[in-house]
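Quick notes on the structure that follows.
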Amino acid sequence: MKVFLDTNVLVSATATRGLCADVFREVLINHQLVIAEPLLAELRNALWKKLGVPEDFISELIEILQKDSLFSSSSTHRDIDIQDSADVIILSCALNGNADLFVTGDKELLDLAKIGNMEIVSPRVFWERLKVQPS
């Protein structure tokens, strides 16, 4: 499955142990991670400016993400009806990468539930679905 992890999920996965870290690990091991340059730029900014994560760690993380991920274009879909223009860009990247799932903690995005064939779910919903799938 192609999965796009929103910036807030990647920041949580990087900065803390817990559900988002587990989701991130699961996606890297068993799914196709979809990324795009606007996502990486947001991630760099959040880790550096908001959390003070060292630049060398951020660079290594970005390198890991770029290694085995599907890279998507950032052309914008104009028909996404949300307030935050940065989120429109990120959702567009996920759609351009043909992501099946968009995993986020952002309530406004979760309220959309689905755009085209892409479902929008929380990290908890993603994790719960994994538990009920047959091995």
Original post:
How large is the helix-only mean residue ellipticity at 222 nm for the chain, computed as the sum of -39500 (n - 2.57) over DSSP H runs with n ≥ 4, divided by its residue count, in deg cm²/dmol to the nearest 500?
Top reply: -16000 deg cm²/dmol
Subject >> Inter-label distance, nm, simple model (7 Å from Cα along the C-beta direction), Lys107/Arg129 >> reply: 2.3
Original post:
Out of Phe102, Phe57, Phe71, any idea which swings most in a Gaussian network model of the chain, alpha carbons joined below 10 Å?
Top reply: Phe57
Subject >> Test item: Cα-centred dipole of the chain, Lys/Arg +1 and Asp/Glu -1 on Cβ, debye >> reply: 300
**OP:** Considering Cα pairs under 8 angstrom that are at least six residues apart, work out the relative contact order of region 1-114 and quote it in whole percent.
**Re:** 37
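Please sort 15-21, 85-91, 95-101 by packing, taking for each peptide the average over its residues of neighbouring beta carbons within 10 angstrom, highest first.
Going by the mean number of other Cβ atoms within 10 Å, highest first, we get 95-101, 85-91, 15-21.
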**OP:** For region 97-114, just list the computed ³J(HN,Hα) in residue order, Karplus coefficients 6.51, -1.76 and 1.60, θ = phi - 60°, integers in Hz, with x standing in for Gly and Pro.
**Re:** x, 6, 5, 7, 10, 10, 9, 8, x, 7, 4, 4, 6, 4, 5, 5, 6, 7
Subject >> Glu108, Glu119 arranged by Cβ crowding within 10 Å, fewest neighbours leading >> reply: Glu108, Glu119
**OP:** Find the centroid of the Cα atoms in region 53-96 and in region 108-135, then give the distance between the two in whole Å.
**Re:** 18
**OP:** Two decimals is fine: what's Rg over Rh for the chain, C-alpha atoms, Kirkwood radius as Rh?
**Re:** 0.94
Original post:
In units of 2.2 N^0.38 Å, what is the alpha-carbon radius of gyration of region 10-85?
Top reply: 1.18
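Since every read-out is calculated from the coordinates, none of them should be taken as a lab result. Values in this document were obtained by computation on a predicted structure and should not be read as measured data. Ideal geometry is used to build each Cβ from the backbone, glycine not excepted, and the neighbour counts take in all protein chains shown.
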